[in-house]
Amino acid sequence: MPDAKAVNVLGVAVSPINMALALERITQAVQTRKKGYICVTGVHGVSEAQSDPEFRQILNHAFLCTPDGMPLVWVGRWLGQKQMDRVYGPDLMLAVMELSEQTGWRHFFYGGANGTAQALKVKLLERFPKLQIVGTYEPPFRPLQPNELQELQEDLRRSSPDFMWVGLSTPKQERFMAQHLDKLEVTLMCGVGAAFDFHAGKVRQAPRWMQRSGLEWLFRLGCEPRRLWKRYFKNNPLFVLRIFCQFTGLRKFPLEF
């Protein structure tokens, strides 16, 4: 269940956090073995939740629903949560990896395609030599069959990770985490989408100034126009219109759990 002070963004309970607070909450969860999943959520995720009540419930029952995009941060600050800052999936992943060199936390990568998870492992070990990456699993582009789920369960039982990083894109990764959290022996699951491709060196990231100014979508659109143009040209204007309606009271977006 989210924080009592969660920010209501179109009916999605976004955690009122920054990177330091996110790491503090994550550390507490791992130390106490409190199982949960983390959704890094931006405009795309909030927009998907508008037409999918089941997906909205998944986001609202996350251990953390981080403000992955600057528009969510701006909404939170407008609503009085001045400490809120972007907790971007790729940055969160690196911050946890850096901390893990001190704590000894163990990591498992689930997702990617064409060897991305293994490439991610190699790149991160080059950057963080003391990191414990105890396994990778590249799933098929379909739900797992019973024998495949059993194989994954056995892998996790043997390797005993603290974290399972899931790179399947939204909303597929969130559905996977909610469905499988209780079936897998791992404390925290974190859906980080494109972070796998970014940190494996397969896709370029936007410059930091574009990330901070809310223009990362424009950079990504330029890199992958055929895949992303419908998402951005539909979701972004609708998000602005819906936020206007929420703020002016023209439409209610209640938090439902």
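Each value in this text was obtained by applying a stated rule to the coordinates, not by laboratory testing. The structure displayed is predicted, hence computed values, not measured ones. All Cβ positions, glycine included, derive from the backbone under ideal geometry; neighbour counts span all protein chains shown.
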>> Compute a Gaussian network model of the chain, connecting alpha carbons closer than 10 Å, and tell me which residue from Thr27, Thr116, Thr136 fluctuates the most.
In response: Thr27
>> Through the Karplus equation 6.51 cos²θ - 1.76 cosθ + 1.60, θ set to phi - 60°, convert the phi angles of the range 156-161 into ³J(HN,Hα) values in whole Hz; use x for Gly and Pro.
In response: 6, 5, 6, 8, 6, x
> Taking the Cβ-Cβ separation of Gln102 and Thr248 as r and a Förster radius of 45 Å, what is the calculated FRET efficiency to the nearest 0.05?
Replying inline: 0.40
>> Skipping prolines and chain starts, which residues have an amide H placed within reach, meaning under 5 Å, of the one on Arg106, given they are 5 or more residues away or on another chain?
In response: Asp162, Phe163
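Report the calculated FRET efficiency for Leu144 and Cys223 (r = Cβ-Cβ distance, R0 = 41 Å), to the nearest 0.05. Spell out each step's value before the answer.
Working: r = 30 Å, r/R0 = 0.73.
E between Leu144 and Cys223, to the nearest 0.05, is 0.85.
Please state the charge dipole magnitude for the chain, taken about the Cα centre, from unit charges on C-beta atoms (+1 on K and R, -1 on D and E), reported in debye and rounded to the nearest 20. Present the calculation step by step, with values, prior to reporting the outcome.
On the way: 33 positive and 24 negative charges, 142 e Å.
Taking the Cα centre of the chain as origin, the dipole is about 680 debye.
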> How many nm separate the modelled label positions at Glu151 and Tyr232, each set 7 Å beyond the Cα in the direction of the Cβ?
Replying inline: 3.7 nm
>> If each residue of separation counts as 0.36 nm, what is the full-extension length gain between Lys82 and Glu24 once their alpha-carbon separation is subtracted?
In response: 19.1 nm
> Given H placed on each backbone N at 1.01 Å, which residues far from Gly191 in sequence or on other chains put an amide H within less than 5 Å of it?
Replying inline: Ile38, Val40, Val166
>> As I understand it, the dipole of the chain uses +1 on the Cβ of Lys and Arg and -1 on the Cβ of Asp and Glu, about the Cα centre. Which of Leu72, Val14, Val203 lies farthest toward its positive end?
In response: Leu72
> Can you run phi through the Karplus equation (6.51, -1.76, 1.60; θ = phi - 60°) for the range 24-41 and list ³J(HN,Hα) in whole Hz, with x for Gly and Pro?
Replying inline: 5, 5, 5, 4, 4, 5, 5, 5, 9, 6, 8, 5, x, 10, 10, 10, 9, 10
>> If you take every residue apart from Pro129 with its C-beta less than 13 Å away from the C-beta of Pro129, what net charge results, scoring Lys and Arg +1 and Asp and Glu -1?
In response: +1
> Taking amide hydrogens as modeled 1.01 Å from N in the peptide plane, which residues meet the under 5 Å criterion relative to Thr136, leaving out close sequence neighbours?
Replying inline: Phe109
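Please report, to one decimal in angstroms, the Kirkwood hydrodynamic radius of the range 107-165 built from all distinct Cα-Cα pairs.
Working: mean 1/r = 0.0827 Å⁻¹.
When all Cα pairs of the range 107-165 are included, the Kirkwood radius is 12.1 Å.
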> Which ³J(HN,Hα) values in Hz, rounded to whole numbers, follow from the phi angles of the range 67-78 under the Karplus curve 6.51 cos²θ - 1.76 cosθ + 1.60, where θ = phi - 60° and Gly and Pro get x?
Replying inline: x, 6, x, 4, x, 5, 5, 4, 4, x, 5, 4
